Amino acid sequence: MALKSFIEVDHDSHFPIQNLPYGIFKPQPSSSPRPGVAIGDFVLDLSEIASAALFDGPLLKNSVVFHQPNLNKFISLGRPVWKEARATIQKLLSATEPTLRDNAALRQKALLPVSSVELLLPVVVGDYTDFFSSLHHTKNCGLIFRGPQTPVLENWYHLPIAYHGRASSIVISGTDIIRPRGQAHPSGGSPPYFGPSLKLDFELEMATVVGPGNELGKPVDINNAEDHIFGLVLLNDWSARDIQAWEYIPLGPFLGKNFGTTISPWIVTLEALEPFACEAPKQDPPPLPYLTEKESKNYDISLEVHIKPAEHENSSVVTRSSLKHLYWTLTQQLAHHTINGCNLRPGDLLGTGTISGPEPEARGCLLELTWNGQNSLSLNGLDRKFLEDGDEVTLTGYCKGNGYTIGFGSCSGKIVPPAP
């Protein structure tokens with residue numbers, strides 16, 4: 001018999017009792033931030049559950065981790081603690097457990113409509129790395145910029161390529177994105193263009209949220225890497241393609257990327273995603289031993305991108321892709337990040353890079369969808385090559401099966417013009 005909650009959860013909800021993603025929220029503008037778990041259309045206030053002494057297992061009894069303004073302390077404690085917390089929360093929310101169900105006073109304090117709270121960044125992000133892990137995205141970019149002779153460079157097949165991003169400009173879903181200014185390629189003999197980006201783009205990504213870190217100088221073994229991953233969020237790594245194209249040689253992305261990165265508010269745990277694990281694509285040539293996994297897996301997470309132009313009621317779906325298409329797995333990304341001795345810390349984000357699939361409709365950014373502006377998309381009758389001011393971009397992700405949906409909610413942002 002399927003596990004059910006005493007809370008009414010719509011069949012298509014992203015947040016059934018099988019999910020239980022973690023986030024940080026404020027019940028009132030003047031409230032202190034505190035951890036919560038999404039269940040249906042409600043947030044379970046974990047600080048109230050902890051104050052009621054209901055985390056009574058051996059690892060969490062009398063712990064203060066759910067009285068923190070972020071999840072960093074909790075996720076640093078590792079998988080045994082995460083499993084104990086999940087088991088406790090799942091039991092408290094189940095239809096057959098009276099402890100919370102029949103305690104009206106506690107329910108009133110601990111279960112709040114998500115529409116009435118403010119969702120915040122779930123972790124303090126110390127460092128942010130963005131990978132380049134989709135073969136289809138890599139090929140398309142290579143075809144656009146280098147042509148058919150060498151669309152994928154040799155090193156790409158041997159290691160997960162990445163660059164170090166900017167943690168300070170990571171924002172929560174719903175935050176406006178200010179169109180960046182910068183330099184772009186000069187035309188003819190004129191000086192470089194300077195002004196607002198004319199090629200503003202989204203990137204459909206997900207990100208690993210690092211749990212326990214590793215000591216400086218001590219790499220994480222590939223077959224232990226999963227124990228360092230707390231869960232996943234949706235991520236939009238906004239990109240100014242014209243700024244990026246002018247600046248990226250020889251050191252890679254800088255101002256074309258670091259003006260804004262949006263993440264979804266709920267971290268979905270690997271435990272919740274495990275029923276949707278799938279075999280990762282075959283890697284040819286085989287990776288080096290430090291990247292060779294006993295079990296190489298991805299997760300079959302359906303991903304969509306919607307764009308809603310200014311003053312339009314309806315959005316258009318422009319991309320349908322899946323995390324299952326990643327060539328380099330999440331655990332390979334993490335193990336490679338540490339192979340030189342680099343120390344990861346709780347709350348670090350590892351972006352996957354743009355997640356594109358083999359079909360044209362599975363291309364994960366406008367650079368690919370419009371072939372760098374050579375073609376146009378139609379959004380409710382409006383042509384788009386790149387994002388215009390007022391465009392609202394929303395990423396969604398979910399897994400369906402076993403009679404329920406495991407979802408990530410949404411990750412959205414609207415483009416606004418820079419100040420004069």
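Couple of notes before you dig in:
- Peptide packing for 274-283, 347-356, 183-192 was compared via the average number of neighbouring C-beta atoms within 10 Å per residue; ordered from the highest value, the list is 347-356, 274-283, 183-192.
- Within-13-Å neighbourhood charge of residue 265 [Cβ basis; K, R +1; D, E -1]: 0
- Between segment 390-420 and segment 349-381, the Cα center-to-center distance that results, in Å: 15 Å
- Comparing 206, 259, 273 along the charge dipole axis of segment 157-291, the residue lying farthest to the positive side is 259, per the Cβ-charge model.
- Ordering 338, 374, 328 by Cα displacement along the dipole of the chain toward the positive end leaves 338 in first place; charges were set at the Cβ atoms of Lys, Arg (+1) and Asp, Glu (-1).
- By accessible area, using a 1.4 Å probe on protein heavy atoms only, the chain has 53% of its surface on carbon and sulfur.
- By average C-beta atoms within 10 angstrom, highest first, the peptides 324-335, 375-386, 216-227: 324-335, 216-227, 375-386
- Of all aspartates and glutamates in the structure, those lying under 13 Å Cα to Cα from residue 282, and not within fewer than 8 positions of it along the same chain, are 293, 295.
- Charge dipole (Cα centre; +1 on Lys/Arg Cβ, -1 on Asp/Glu Cβ; no other charges) of segment 224-322 amounts to roughly 260 debye.
- Convex hull projection area averaged over all views, segment 263-420, Cα basis, nm²: 13.1 nm²
- Within a straight-line Cα-Cα reach of under 23 Å, residue 199 can be paired with the following lysines, leaving aside sequence neighbours fewer than 8 residues apart in one chain: 139, 257, 308, 385, 414.
- Look at the alpha carbon pairs under 8 Å that are at least 6 residues apart: their mean separation over the length of the chain gives a relative contact order of 21 percent.
- Charged-residue dipole, Cβ positions (Lys, Arg, Asp, Glu), segment 128-416 about Cα centre, Debye nearest 20: 480 debye
- Share of alpha-carbon pairs per 10 Å distance bin for the chain, given as whole %: 4, 22, 31, 25, 13, 4, 1, 0
- Only DSSP H runs of four or more residues enter the estimate; each adds -39500 (n - 2.57), and after division by the residues of the chain the mean residue ellipticity at 222 nm equals -4500 deg cm²/dmol.
- Inter-part distance, segment 320-344 to segment 72-124, computed on C-alpha centroids, equals 29 Å.
- Prolate/oblate/rounded call for segment 315-386, Cα gyration tensor, a/c under 1.5 rounded: prolate
- Using the average count of surrounding beta-carbon atoms within 10 Å as a protection proxy, the listed peptides 82-90, 194-202 rank, highest first, as 194-202, 82-90.
- Taken per residue, the accessible surface of the chain reaches 43 Å², heavy atoms only and a 1.4 Å probe.
- The alpha carbon centroids of segment 252-301 and segment 179-216 are separated by 21 Å.
- Global geometry of segment 217-324, whether rounded, prolate or oblate, following the gyration tensor of its Cα atoms and the 1.5 cut on a/c: oblate
- The residues packed around residue 94, meaning those with a beta-carbon under 9 Å from its beta-carbon, carry a net charge of +2 if Lys and Arg are +1 and Asp and Glu are -1.
- Between residue 115 and residue 169, the contour length at 0.36 nm per residue exceeds the Cα-Cα span by 16.9 nm.
- Cα shape, segment 22-120, gyration tensor, a/c 1.5 rule: oblate
The values are calculated or read from the model by the stated rules, or taken from the named source; none is laboratory data. In this text the structure is predicted, and so the values were computed from the model without any measurement. Backbone-built Cβ (ideal geometry, glycine too); neighbour counts: all protein chains shown. For accessibility, only protein heavy atoms count, side chains too; no ligands or nucleic acids. Shrake-Rupley method; radii C 1.70, N 1.55, O 1.52, S 1.80 Å.
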